[in-house]
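Note sheet for the following structure.
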Amino acid sequence: MTDDSGGAGRMAPPVLTARANASAEDVDVASRYWQWVSYGLGETTRWVESVSGIAPDARMIALTSVAAVVPGPACVRCGGPLTLSSRAAFDRVYRTGLTAQEGCVDCDADRCRSWRVRPARGVRP
């Protein structure tokens, strides 16, 4: 297993940045969504909490409240920061040692629209 403590052969966790209109409560939900116990090259990440244990629609709240940027690699589509859309995207990127051909959430038109015009909490787009 590797961890997020830095050093040779270690990968840094995604950097979370609150989006402009995110509430403190939603940023807290997003922080809990992205918190892991451990991950390792070629292994599946172990998360501190299950998504269902965090909040209803925790994944959507995380997506719309924070930008989860992977330090280092760029988006293969736009060349900008690699912003993750989900825990599954995190696993794809980190399991391959940051060599996954992943596009950023901002290149995905549907996801991009979903955080720019966000519905009321608990209402699915």
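The values are calculated or read from the model by the stated rules, or taken from the named source; none is laboratory data. Predicted model, so just to flag it, every value in this text is computed and none were measured. Cβ placement follows ideal geometry from the backbone for every residue including glycine, while neighbour counts extend to all protein chains displayed. SASA here: full protein model, heavy atoms, side chains in, ligands and nucleic acids out. Shrake-Rupley method; radii C 1.70, N 1.55, O 1.52, S 1.80 Å.
Tell me the net charge near VAL48. Cut-off is 12 Å between Cβ atoms, VAL48 excluded, with +1 for each Lys or Arg and -1 for each Asp or Glu. Present the calculation step by step, with values, prior to reporting the outcome.
Working: positive: ARG32, ARG46, ARG87; negative: GLU49.
With Lys, Arg at +1 and Asp, Glu at -1, the neighbours total +2.
Just by accessible area at a 1.4 angstrom probe, what is the order of CYS75, CYS107 from largest to smallest?
CYS107, CYS75
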